[in-house]
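Inspection log for the structure reproduced underneath, given as structure tokens.
Computed from the coordinates by the stated procedures, all read-outs in this text should not be read as laboratory data. None of the values given here were measured: they were computed from a predicted structure. Cβ: placed from backbone, ideal geometry, glycine included. Neighbour counts: every protein chain shown.
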Amino acid sequence: MDETYQIYVNRLVELTLPSSYPSQLQHIHKSPKFADGQVVPFPGYSIITPPGAEDPDNCLFYQHLESIQNQLLLQFPPELLIPLPAKSFHLTLADLIWDRDYKAAIAENPHFESQLQECIRESFAKYQQSSFKELGQWQLLGLLVFPRALGVSVVPKTEQAYEQVLQLRRAIYQNLGLMTLGLEQKYYFTAHITLGYFNEIPPELDREALGTLLTSFNDQWMEKEPQLLTIKQAQLRQFKDMTCYQRSTDWPSIELSRE
């Protein structure tokens, strides 16, 4: 289901062009993952890179994102964006299950979580049969507007970096055990790190000015040394809401390259 390298890069570039922001900003809504500015339960599992607080290899990258987040909050309309804690910043490599589907799964199958862990362990073992040796590096591209969230997009520096992630996703989504559990790929891969979720959208919001602001941030990055995210490890993580991603030490984890 995922795209070829060039099609992926072209799509991400198009999403961060100034011409794309006006239409994207017309469709933003308040996120249901927060109420009165406070996070609400939204449980599930996903495959992610280690969160910023646990990823020393990308310390400078996440510090840069936190700086961007702070600057945005200073310039955005008050309370429009609910920021995520920088320690939770991460890249989702494969969505698995969340919210109502997750609640239904554990209600119907008392062994669901242990079976899920075993399936991911099998998928990681299958991925290890690949021959990737170099660390995959991804470059900060620009701000990305989702209907209910704002993030930054990243694109692979090389085709091999993209192929690494693709092979991992295939090993996960083509796992028959996961399919039996009712888990399947639902979205094209759009590599991003979420900075925050939209709060109530004021009727007087100046979307044109907001689009200009987002473009100005992207222009600044184009003039500077590229900010790079090294995708070194993938982990199965459980979340109870959008601010905390946890795992036990015996849960599946994999190094994406063999140096």
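Worth a mention:
- With q set to 0.13 Å⁻¹, the log10 of I(q)/I(0) for the range 146-259, from the Debye formula over equal scatterers at the Cα positions, is -0.77.
- Eligible lysines near residue 33 by straight Cα distance, threshold 30 Å, same-chain separation 8 or greater: 87, 103, 186, 232, 240
- Value at 222 nm in deg cm²/dmol, rounded to 500, when DSSP H runs of n ≥ 4 in the chain each add -39,500 (n - 2.57): -11500 deg cm²/dmol
- Candidates 90, 124, 136 compared by Cα position along the dipole of the range 73-139: farthest toward the positive end lies 136, with charges placed on Cβ.
- Listed residues 150, 12, 181, most fluctuating in the chain (Gaussian network, C-alpha, under 10 Å): 181
- Residues with amide H under 5 Å from that of residue 149, placed H, sequence gap 5 or more: 198
- Between residue 248 and residue 26, the modelled label-to-label distance comes to 5.0 nm, taking each label 7 Å out from Cα in the direction of the beta carbon.
- In sequence order, the range 111-118 has phi-based couplings of 9, 4, 5, 5, 5, 4, 4, 5 Hz under the Karplus curve 6.51 cos²θ - 1.76 cosθ + 1.60, θ = phi - 60°, and Gly or Pro positions carry x.
- Taking the three principal axes of the alpha carbon atoms in the range 30-69, the coordinate ranges are 33, 25, 13 Å, sorted in descending order.
- Cubic angstrom per residue, convex hull over Cα atoms of the range 105-168: 123 Å³
- For residue 157, the aspartates and glutamates whose Cα comes closer than 15 Å to its Cα, not counting residues fewer than 8 places off in the same chain, are 134, 225.
- Per-residue Karplus couplings for the range 164-181, computed as 6.51 cos²θ - 1.76 cosθ + 1.60 with θ equal to phi - 60°, are listed in order as 4, 5, 4, 5, 5, 4, 5, 4, 7, 6, 9, 6, 5, x, 5, 4, 5, 6 Hz, Gly and Pro entered as x.
- Semi-axis lengths, Å, the range 79-210, gyration tensor of Cα atoms, sqrt of 5 times eigenvalues: 31, 23, 11
- Candidate aspartates and glutamates for bridging to residue 126, where Cα separation is under 14 Å - those fewer than 8 sequence places away on the same chain excluded: 118, 255
- Taken about its Cα centre, the chain carries a charge dipole of about 380 debye when Lys and Arg each add +1 at the Cβ and Asp and Glu each add -1 at the Cβ.
- Dipole of the chain, positive end: most advanced residue of 242, 197, 256 [Cβ charges, Cα centre]: 256
- Estimated vicinal HN-Hα couplings, Hz - the range 240-254 in sequence order (Karplus 6.51, -1.76, 1.60; Gly, Pro = x): 9, 7, 8, 10, 9, 10, 10, 7, 8, 5, 8, 6, x, 8, 9
- Against the rule of thumb 2.2 N^0.38 Å, how large the Cα Rg of the range 5-255 comes out: 1.02
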